[in-house]
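The values are calculated or read from the model by the stated rules, or taken from the named source; none is laboratory data. As the structure is a computational prediction, the values presented were derived from the model and not from experiment. FYI the Cβ positions are ideal-geometry reconstructions off the backbone, even for glycines, and counts take in every protein chain you see. These area figures cover heavy atoms from the full protein model, side chains too; ligands, DNA and RNA do not enter into them. Shrake-Rupley method; radii C 1.70, N 1.55, O 1.52, S 1.80 Å.
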Amino acid sequence: MKILFYEQHADAALWMHDLARELPEADLREWQPGDTAPADYAIVWRAPRELFANRPDLKAVFNLGAGVDAILDVERKEPGTLPPNAKLVRLEDTGMAQQMVEYATHAVLRYMRRFDEYDTLQREGRWEKLKAHPRASFTVGVLGLGVLGTEVARTLTALGVPVRGYSRSEKQVDGVTTYAGDAQFDAFLDGVKVLINLLPHTPNTEGVLNRRTFAKLAHGAYLVNLARGAHLVDEDLLQALESGQIAAATLDVFHTEPLPADHPFWRTPRVTITPHISAETLREESIVQIAQKVKAMERGEPIGGIVDLKRGY
Ligand code: NAP
Ligand code: GLV
């Protein structure tokens, strides 16, 4: 079987070496512009449109991440980009859930115990005790109860804070109060103190972190955006921070990455910025999962993680 690999920022030789170990029978090659030779599978991240052209034999495109918004955006703008018979397959966890749990737990504890404010006090040389946030009303809301959001919501219950989760379809997660669909969105948001976003970026979720959403949260709420910059209306966050409706925000993802040097977030007090690192693609785990799925497909067995192109995730 022939497999193409493309990830502009990865060490392709290392990936191909490890892929060869898991799939010794495969004929692996790094895709280069102009390569139109046949292939059965493609393993890619943010591949150029040209990679997919004239590939009626491609059985699956493995996306080297959980989010497939970039690849679907190209398909939306130029329908027919994705080969007609190829399944689009996203990574399912592959070590990302644990990373998200660590990041989200850190953010919630930091705000609940007011460590962010103590950082500021220390810089100002001030010894001052702050009144702790009451745990019982420090409600955390997790937007998205998929592979990552479910694990985050479940873990946060161990902190003893009330945890809510929101998804499209109804879900049951131990210890988590769940809400589903547009009709329950406002009830989910009502009084939430920390809003953590783990939704996929689709036409339905774009701009969901906006002025209206912020107004439904508790006054002085915290925002933690771990999914995509396109979920956030930047201007609305700046205004909500100014008014105090949002007390602080931790942002890992942005409309433009790297975040441009002149973006006001860099200079906004109480915005914490990280460079899209909340959950990185881990080579070993990803290769093992992709290889298992390739083998299953070759045996004619079903696989998980197939993206519903209409739904957009
Ligand atoms: P997933 O398994 O596809 O879960 C998506 C969740 O969002 C599901 O619970 C889904 O509801 C819900 N959802 C989708 N559209 C919705 C809508 N319109 N209204 C309400 N709920 C909706 O995705 P995942 O693996 O958890 O990953 C989530 C996102 O995290 C990715 O798409 C990616 O953008 C982001 N991510 C970021 C990083 C990073 O480093 N910053 C790393 C990995 C992933 P149902 O359960 O009802 O389908
Ligand atoms: C990273 O952002 C991913 O979607 O895996």
Worksheet item: What does region 233-285 give for Rg and for Dmax, in Å, if only its C-alpha atoms count?
Response: 13.1, 45
Practice prompt. Using a Gaussian network model of the chain whose springs link C-alpha atoms within less than 10 Å, name the residue from W45, W266, W31 with the highest mean-square fluctuation.
Written response: W266
Fill in: Cα-based Rg / Dmax (Å) for region 96-273
15.6, 50
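Taking a 1.4 Å probe, which of E257, E170 shows the most accessible area, and what order do the others take after it?
Values: E257 85, E170 155 Å².
Result of the area sort, largest leading: E170, E257.
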Fill in: Residue of G95, G80, G125 that the Gaussian network model of the chain assigns the largest fluctuation, springs spanning Cα pairs under 10 Å
G125
Worksheet item: Using θ = phi - 60° and the Karplus form 6.51 cos²θ - 1.76 cosθ + 1.60, what ³J(HN,Hα) does each residue of region 157-172 get, whole Hz, x for Gly and Pro?
Response: 4, 5, 7, x, 8, x, 10, 10, x, 10, 9, 7, 9, 5, 9, 10
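Explain nothing, just the number: relative contact order of the chain, from Cα pairs under 8 Å at least 6 residues apart, as a whole percent.
Details: 551 pairs, mean separation 48.9, N = 313.
After rounding, I find 16 percent.
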Worksheet item: Which residues' amide hydrogens lie under 5 Å from the amide hydrogen of G165, considering only partners 5 or more residues apart or on another chain, with H built in the peptide plane?
Response: V142, T177, T178, Y179
Worksheet entry | Rg/Rh ratio calculated on Cα atoms of the chain (Kirkwood radius) | 1.01
Fill in: Rule-of-thumb Rg ratio for region 1-103 [Cα; 2.2 N^0.38 Å; N residues]
1.09
Worksheet entry | Heavy-atom surface of region 132-199, accessible at 1.4 Å and reported per residue (Å²) | 43 Å²
Discussion item. In the chain, once you exclude exposed trypsin sites (Lys or Arg not before Pro) (DSSP loop, at most 12 other Cβ within 10 angstrom), what's the longest stretch remaining?
Written reply: 132-298
